[in-house]
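A short worksheet on the structure shown next.
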């Protein structure tokens, strides 16, 4: 069953974030079998405490195990350090069946 990783982020230095973390992680997502469904800055807050201008990233994975293999890999662990000090993130993982169209 496919799984989805949903990331919400408040980025204080977008240029540094994209040049370091963003560039490195994009190739890792693909290498571990994931694909991006959305990478979007400029969130408009309608309710809650997330904040205007945040970013949302949604990636699809063939399974929960594939997503966790990416998340727990030493390669991603090293890349994750590149966002320290420039982004506050929340990361969710959910397993869900595909929605019939």
Discussion item. I want to confirm something. Restricting to the range 46-55 and keeping residues that are on the phi > 0 side of the Ramachandran plot and in contact with a strand residue (DSSP E or B) (Cβ under 9 Å, 6 or more places away or on another chain), which single residue is modelled with the highest pLDDT?
Written reply: 53
Discussion item. Can you find, within the range 54-74, the residue that is nearest to the chain's Cα centre (by Cα) among those that are under 19 Å from residue 16 (Cα atoms) and either free of Cβ contacts under 8 Å to residues at least 40 places away in the same chain or not in a loop (DSSP other than H, G, I, E, B) (or both)?
Written reply: 57
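This table checks each residue for (1) out of contact with any helix residue (DSSP H, G or I) (no Cβ under 8 Å at 6 or more places or on another chain); (2) within 29 Å of residue 1 (Cα to Cα); (3) at pLDDT below 95.
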| residue | (1), (2), (3) |
| --- | --- |
| 35 | no, yes, no |
| 44 | yes, no, yes |
| 57 | yes, yes, no |
| 65 | yes, yes, no |
| 70 | no, yes, no |
| 75 | no, yes, no |
| 79 | no, yes, no |
| 92 | yes, yes, no |
| 101 | yes, yes, yes |
Worksheet entry | Boolean, residue 82 is without any contact (Cβ under 8 Å) to a residue 24 or more places away in the chain, outside any strand (DSSP E or B), out of contact with any strand residue (DSSP E or B) (no Cβ under 9 Å at 6 or more places or on another chain) and surrounded by 11 or more Cβ atoms within 10 Å (Cβ to Cβ) | no
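The values are calculated or read from the model by the stated rules, or taken from the named source; none is laboratory data. Predicted model, so just to flag it, every value in this text is computed and none were measured. Glycine also receives a Cβ, built like all others from the backbone with ideal geometry; neighbour counts cover every protein chain displayed.
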